[in-house]
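Step one of this worksheet: look at the structure below.
Derivation of every value follows stated rules applied to the coordinates shown; laboratory data play no part. On a predicted model such as this, the values are computed, not experimentally measured, just so you know. For neighbour counting, all protein chains shown are included, and Cβ atoms are generated from backbone atoms with ideal geometry for every residue, glycine included.
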Amino acid sequence: MLFVLRKGASSSALIEKIKMSSASYRHIDVDGRVVVVAWPDKLVESISDGSVELKVKVSTPYQLASRAWRERTIVSVNGVEIGGKRVVVAAGPCSVEDEDTVMEIARAVKRAGATMLRGGAFKPRTSPYTFQGLGARGLEILKRVKEATGLPIVTEVLDTRDVLVVAGYADMLQVGARNAQNFVLLKEVGRSGKPVLLKRGMWMTVEELLLSAEYILLEGNLNVVLCERGIRTFEKGTRFTMDIGGMVHAKSQTHLPVAADPSHPAGKRELVEPLALAAVAAGADMLLIEVHSRPEKALSDTEQQLTIEDFEKLMHRLRLVAEAVGREL
């Protein structure tokens, strides 16, 4: 059950009634007002209080992520708004390798129209014998590139012990597919106060993704963008299966913006463009695109990273699709 209080109203009387009912509860601040989440519903259904403006019984297990009480959330990442009319494109290398390369790529993707820079300083790799990222040195490189280009940074955090460090450099924290149900990490990034890009795990249903988002929201952080990046199916022609239908379903269920990462499900650069175009046509609010100046020499994901020339062509076509569906790029 959600109780949305009137602006300026105190929650003390309502919380006292919830305590007396023996229900569990959390309260968070949203847009200058208090929202109290209480559960189970049966213990608090009869509670009323003059401080409450809206009382909502949510029919889904994800209460704060539900559209039942909030139509839309626009997430601002250092001035870049995600969830409005404009489709945001975050582009950059899979991994931060060296400063000159990242700087070259960042300047190129900005010229082409990208408004955010993506790049991994910490890399979760299937094999321990592959490149694991530069770590803190990679964050320093991203910071200098941001200072030179003005592009806000989205980068992944893998460990609760690194959240504060990464948050000190990044404008948006990414929780990757492999950590999408690392509930301790989800709580920690929620407490950081930074905008969060939450990727769908390759094994997760849409409901499970929204419940993962709920862990972040319950810490009082509503600045969450959900990201479809492909799920594992029987198909071997692509690296993963990009679930466009699942992305659309997620957007219909939540007030949170929804992003798409076409690079990872594609696995091959020639498939990235059609998947990106399909995602925008289906309503994605944001795209994450891997771009490298010399993909064949990249230290990770060599086959799926676009060349700068390919990215420029993609951006032109994305603009046409965005305009066709009433959006901007």
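Give, as ranges by residue number, the residues of region 235-249 whose backbone N falls under 15 Å from the point 7 Å along Cα→Cβ of THR60. Residues passing the 15 Å test: 245-249. In order along region 14-29, phi translates into HN-Hα couplings of 4, 5, 4, 5, 5, 4, 5, 7, 6, 7, 8, 7, 9, 10, 9, 9 Hz, rounded to whole numbers, per the Karplus curve 6.51 cos²θ - 1.76 cosθ + 1.60 with θ = phi - 60° and x for Gly and Pro. For LEU306, the residues whose modelled amide H falls within less than 5 Å of its own, excluding neighbours fewer than 5 places apart on the same chain, are GLU290, VAL291, HIS292.
Only four residue types carry charge here, +1 at the Cβ of Lys and Arg and -1 at the Cβ of Asp and Glu. Report the dipole size of the chain about the Cα centre in Debye, rounded to the nearest 20. Let's see the in-between values first.
Values: 44 positive and 41 negative charges, 100 e Å.
Roughly 480 debye, rounded to the nearest 20.
Wrap a convex hull around the Cα atoms of region 2-56, take a quarter of its surface area, and give that in square nanometres.
Seen from a random direction, the Cα hull of region 2-56 projects 3.2 nm² on average.
Each residue of region 299-315 is assigned a 3J(HN,Hα), and the resulting list reads 7, 7, 6, 5, 7, 10, 7, 6, 6, 4, 4, 5, 5, 4, 5, 4, 4 Hz, derived from the Karplus form 6.51 cos²θ - 1.76 cosθ + 1.60 (θ = phi - 60°), x at Gly and Pro.
By the equivalent-ellipsoid construction on the alpha carbon gyration tensor, the chain comes out with semi-axes of 37, 20, 18 Å, ordered largest to smallest. Straight-line cross-link reach from LYS85 at under 18 Å between alpha-carbon atoms covers these lysines, not counting any fewer than eight positions away in the same chain: LYS251.
Exposed loop positions in the chain were taken to be GluC sites (Glu not before Pro) whose DSSP state is not H, G, I, E or B and which have at most 11 other beta-carbon atoms within 10 angstrom. Between these positions, the longest stretch is 72-234. Please state the shape class of region 59-153: rounded when a/c is under 1.5, otherwise prolate if a/b exceeds b/c and oblate if not, all from the C-alpha gyration tensor. Since a/c reaches 1.5 but b/c is at least a/b, the shape of region 59-153 is classed as oblate.
What does the convex hull of the alpha-carbon atoms of region 208-264 project to on average, in nm²? Can you show the working numbers first?
On the way: hull surface 16.8 nm².
Reported value for the Cα convex hull: 4.2 nm².
Checking the a/c ratio against 1.5 first, then a/b against b/c, what shape does the Cα gyration tensor give for region 1-116? Spell out each step's value before the answer.
Values: a/c = 3.38, a/b = 3.03, b/c = 1.11.
Prolate, since a/c reaches 1.5 and a/b exceeds b/c.
Computed 3J(HN,Hα) for region 147-162, one whole-Hz value per residue from the Karplus formula 6.51 cos²θ - 1.76 cosθ + 1.60 where θ = phi - 60°, is 4, 7, 10, x, 7, x, 10, 10, 8, 7, 10, 9, 9, 4, 5, 9, glycine and proline marked x. Here region 30-57 is scanned for amide nitrogen atoms under 16 Å from the site 7 Å beyond the Cα of MET20 along Cα-to-Cβ, giving 43-52. In region 89-160, taking the dipole from charged Cβ atoms about the Cα centre, the farthest positive-side position among THR101, THR130, ILE153 is held by ILE153. Taken over region 95-248, lysine pairs spaced eight or more positions apart, or on distinct chains, with alpha carbons under 30 Å apart number 19.
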